Amino acid sequence: MGVVNATPDSFSDGGRFDTLEAGLCHARRLIAEGADLLDIGGESTRPGADPVPVEVEIARVVPLIAAIRAESGVPISVDTMKPDVARAAVAVGATIWNDVAGLTAPGAPETAAELGCEVMLMHMQGEPRTMQAAPYYDDVVAEVCAFLGERAQAAIAAGVARERIWLDPGIGFGKTLDHNLALLAHLDRLVALGFPVLLGVSRKGFIGRLDPAGVDAASRLPGSLAAALAGAAAGVAAVRVHDVAETRQALAIWSAIEAARS
Ligand code: HH2
């Protein structure tokens, strides 16, 4: 999954793709690099980010999704916590709702069922503005698995087909370095819930905390690849990345080695 942030303030690429032309150029590039799907977001969820009004978010993502859809059949997800934004995105061709709040907004599961789209349910403790203030868990892996299992059941109860549901542990969303590492070390437990798992580690802050040379988001590609491969080894179905070509190469080499085992 290649990321196109149509935002002025995303942590790794904020402001680079926030005009329609720049967003479309970036989408074309990710498609050419081999992205299997594109994730379009109009609200930054980086730690400390303020919420964006619904009309602003719609104005950022809808023209871009429509423009991509006009020239490519690549599957498109919309990265939003708001049912009205998901509705507007699906109307112009998005087929997946990527919700970092796990369909917890009022009416979200019902909207997803009505739209008939796939849903990606992510775990987040708190909300972006404050989530890194003091994350706390007794058992982070058990709690994230329980939350995601419960959100999947809520989606199914509202009418979302089971085979349209993905789960995502939400690396960096209300989690300390130790929480992130515990989740990455035990991804197999999330995979065991029986839904495809999406993993977002690309350029995230935990990489900079483990390696001082990765202090800037743009210098975290090697760590991003290492974490993506750890995810692949644990059986995740997709990785959400900024660097599609590099990730594809890393995954291709890893898979070839795995295939040669048998
Ligand atoms: N991470 C980000 C945003 N959306 N969605 C899912 N499902 N999983 C993730 O890990 C995830 C996500 C944060 O990354 P980015 O989009 O680059 O930054 P920002 O939120 O600042 O736009």
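What FRET efficiency comes out for Arg189 versus Thr104 if R0 is 22 angstrom and r is the Cβ-Cβ distance? Round to the nearest 0.05.
0.50
Mind checking the log10 I(q)/I(0) for region 104-211 at q = 0.10, 0.15 Å⁻¹? Debye, one equal scatterer per Cα, no solvent, two decimals.
Treating every Cα as an identical point scatterer, log10 I(q)/I(0) equals -0.29, -0.64.
Helix-derived [θ] at 222 nm for the chain: sum -39500 (n - 2.57) over DSSP H runs of at least 4, divide by residue count, nearest 500? Please list the in-between numbers first.
Working: 10 runs with 119 residues, N = 262.
Rounded to the nearest 500, it is -14000 deg cm²/dmol.
Taking θ = phi - 60°, what integer Hz values does the Karplus form 6.51 cos²θ - 1.76 cosθ + 1.60 yield along region 194-209, in sequence order, with x for Gly and Pro?
x, 10, x, 10, 9, 10, x, 10, 4, 6, 6, x, 4, 5, x, 6
Projected area of region 2-260, taken from the Cα convex hull and averaged over every viewing direction, in nm²? The partial results should precede the final answer.
Values: hull surface 51.5 nm².
Averaged projected area of region 2-260's Cα convex hull equals 12.9 nm².
Only Cα pairs within less than 10 Å get springs; with that Gaussian network setup on the chain, which residue of Ile156, Ile65, Ile171 has the largest fluctuation?
Per the Cα network of the chain with a 10 Å cutoff, Ile156 tops the list.
Can you give the charge dipole size of the chain about its Cα centre, rounded to the nearest 20 debye, using +1 on the beta carbon of Lys and Arg and -1 on the beta carbon of Asp and Glu?
In total the dipole reaches around 380 debye.
Rounded to the nearest percent, how much of the accessible area of region 2-260 (1.4 Å probe, protein heavy atoms only) is carbon and sulfur?
Numbers: 6140 of 10660 Å².
Looking at region 2-260 in its full context, I get 58 percent from C and S.
Can you list residues whose amide H is under 5 Å from Val239's amide H, if they're 5+ apart or on another chain and H is modeled 1.01 Å from N?
Those lying under 5 Å, H to H, from Val239 are Leu199.
How far apart, in nanometres, would the label points at Asp50 and Asp211 be if each is projected 7 angstrom from Cα along the Cα-to-Cβ direction?
3.5 nm
Quick check for you: with a 1.4 Å probe and neighbouring chains kept, what is the accessible area per residue of region 2-260, in Å²?
Details: 10660 Å² over 259 residues.
Value for region 2-260: 41 Å² per residue.
Per residue of region 39-49, in order, report the coupling 6.51 cos²θ - 1.76 cosθ + 1.60 (Karplus, θ = phi - 60°) as ³J(HN,Hα) in whole Hz, putting x for Gly and Pro.
My calculation for region 39-49 gives 10, 10, x, x, 9, 5, 10, 5, x, x, 5 Hz in order.
Given H placed 1.01 Å from N in the peptide plane, which residues other than close sequence neighbours of His186 have an amide H under 5 Å from its amide H?
Under 5 Å from the amide H of His186: no residue qualifies.
With an 8 Å cut-off on Cα pairs and a minimum separation of 6 or more residues, tell me the relative contact order of region 30-107 in percent.
The value is 33 percent.
The values are calculated or read from the model by the stated rules, or taken from the named source; none is laboratory data. Please read these numbers as outputs of a predicted model, since none were measured by experiment. When we count neighbours, we look across all protein chains shown, and the Cβ atoms used for this are built from the backbone with ideal geometry, even at glycine. These area figures cover heavy atoms from the full protein model, side chains too; ligands, DNA and RNA do not enter into them. Shrake-Rupley method; radii C 1.70, N 1.55, O 1.52, S 1.80 Å.
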